[in-house]
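Following: one structure in structure tokens, then a few remarks.
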Amino acid sequence: MISPLFSPLLLPFIIAMFLAITMGGSGTGPAFSAAYGANVLRKSMIPGLFGIMVFLGAIIAGKSTAETMGKELLSPEFMSRNVVSIILFSVAISLLVANLFGIPQSTSQSTVLSVAAVATYFHKLNTDKLFTEIIPAWFILPVISFVISLLIGRFIYKPMRRKGLTLPRAQNANMKPVWDGVLIAMSLYVAFSIGANNVANAAGPIASMTANQLNKPVDENFVLIMILSTLIVAPNFGIGSSIFGHKILQNTGKEIVLFGKFEAVIIAFVSASLLLFASISKGIPTSLVQLNVAAILGIGVAKLGYSHIFRKTEVRKFFLMWVIAPAIAFSLSLLLIYMADINGLV
């Protein structure tokens with residue numbers, strides 16, 4: 001028999017765990033596609049490493065983004081059990097669709113739009129936060145990621161390649177363990193950044209809902225409850241990586257561009273650093289998937305040229321899914337909150 005204290009929390013937490021599983025699948029590509037594409041890590045090792053680093057990132061650096069998702073887009077008093085269940089369920093379905101197609105999708109964009117749909121319905125949307133900070137970052141940061149990677153590719157990678165410094169196996173076999181270690185470290189760094197940003201998508205709303213359900217002041221108890229929520233949510237990222245990760249790794253790591261270790265380090269470092277900056281500085285939930293793919297495209301263009309990279313089918317599929325999945329999250333969330341409201345459930 002479930003305690004009356006916890007029974008109202010059971011459904012939202014189950015949905016949050018399901019969402020974390022889908023996020024784990026989607027986040028595996030950005031975190032480990034570079035290492036996988038460079039043949040440094042076996043796919044069997046990836047879920048465990050991914051889950052550990054996501055958890056650490058959420059605990060150490062996830063507070064600001066969790067507050068954005070749990071308190072700043074929609075007033076926390078509206079984060080009831082049914083509202084949070086609707087938000088998280090809508091996001092999970094949108095990400096499940098993307099995972100089934102093997103396309104890494106932005107968890108943050110789907111979650112923000114799902115919360116925005118509910119906030120719009122109640123006329124409580126914080127438009128300043130959404131339209132002056134979050135949405136501009138969605139457009140600016142991938143461009144920065146692309147440009148930085150392109151410049152590094154043209155002005156650092158190519159000269160080093162001509163000197164043989166980027167080909168350790170062929171030119172300097174003694175450097176191979178160093179390159180492998182650096183690339184693995186960068187992959188772990190990306191997973192840490194995912195934890196700092198993406199775990200908040202589930203833990204933020206859950207924390208506000210739990211405080212409301214327990215009749216505790218949200219501001220005074222948010223961080224503690226967020227940490228407890230993270231302890232439940234974060235491990236499911238590793239489970240999702242095990243279930244969905246291989247297809248996404250194949251798409252991002254093997255089929256866009258053939259990685260060398262040096263390019264892979266650039267991709268991991270640029271995308272993770274930009275995401276971590278957004279998480280810590282402003283608490284902006286943004287897309288590591290798009291930062292990662294933008295970095296991949298920047299390196300790809302530096303190596304192969306614009307026409308070769310942008311003709312690839314995978315790139316067109318990525319762009320299409322990046323529009324479809326957030327639209328599904330927004331539409332489904334709006335529909336469900338309307339149905340719940342007319343039936344007296346919110």
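Could you please find all residues in the stretch 206-224 being surrounded by fewer than 22 Cβ atoms within 10 Å (Cβ to Cβ) and assigned to a helix (DSSP H, G or I)? Within the stretch 206-224, N212, Q213, V218, D219, E220, N221, V223, L224 meet the criteria.
The set of residues in the stretch 267-286 that are of a type outside the set (A, V, I, L, M, F, W, C) and assigned to a loop (DSSP other than H, G, I, E, B) comprises K282, G283, P285, T286.
Residue count for the stretch 98-144 under the criterion of being in a loop (DSSP other than H, G, I, E, B), among the aliphatic types (A, V, I, L, M) and out of contact with any Ser or Thr (no Cβ under 9 Å at 6 or more places or on another chain): the result is 1.
In the stretch 20-39, is there at least one residue being at pLDDT 85 or above and either over 29 Å from E263 (Cβ atoms) or part of a helix (DSSP H, G or I) (or both)? Within the stretch 20-39, one or more residues are at pLDDT 85 or above and either over 29 Å from E263 (Cβ atoms) or part of a helix (DSSP H, G or I) (or both).
Considered as a group, the residues in the stretch 236-249 that are modelled with pLDDT of 85 or more and touching a Phe, Trp or Tyr at 6+ places or on another chain (Cβ under 7 Å) include one that is nearest to A58 (Cα to Cα), and that residue is F237. Can you work out which of the residues in the stretch 40-72 that are assigned to a helix (DSSP H, G or I) and out of contact with any helix residue (DSSP H, G or I) (no Cβ under 8 Å at 6 or more places or on another chain) is nearest to V190 (Cα to Cα)? For the stretch 40-72, the residue satisfying everything is M45. For the stretch 33-47, the count of residues that are surrounded by fewer than 24 Cβ atoms within 10 Å (Cβ to Cβ) and on the phi > 0 side of the Ramachandran plot is at least one.
Do we have any residue at all in the stretch 304-321 that's modelled with pLDDT of 85 or more and closer than 25 Å to Y157 by Cβ? It would help to see each step written out before you state the result.
Applying the first criterion (modelled with pLDDT of 85 or more) to the stretch 304-321 yields none.
There is no residue in the stretch 304-321 that is modelled with pLDDT of 85 or more and closer than 25 Å to Y157 by Cβ.
Here is the figure for the stretch 74-95: residues that are touching a residue at least 60 places away in the same chain (Cβ under 8 Å), part of a loop (DSSP other than H, G, I, E, B) and buried (at least 20 other Cβ atoms within 10 Å of the Cβ) total 1. Just one of (1) crowded, with 24+ Cβ neighbours inside 10 Å; (2) closer than 22 Å to F319 by Cα fails for A58. It is (2). Of the residues making up the stretch 96-115, at least one is surrounded by 18 or more Cβ atoms within 10 Å (Cβ to Cβ) and on the phi > 0 side of the Ramachandran plot. Only residues that are closer than 17 Å to N236 by Cβ and not β-branched (V, I, T) were counted across the stretch 197-222, and they come to 9.
The values are calculated or read from the model by the stated rules, or taken from the named source; none is laboratory data. Everything numeric here is computed off the predicted structure, so don't read it as measured data. All Cβ positions, even for glycine, are placed from backbone atoms using ideal geometry, and neighbour counts span all protein chains on display.
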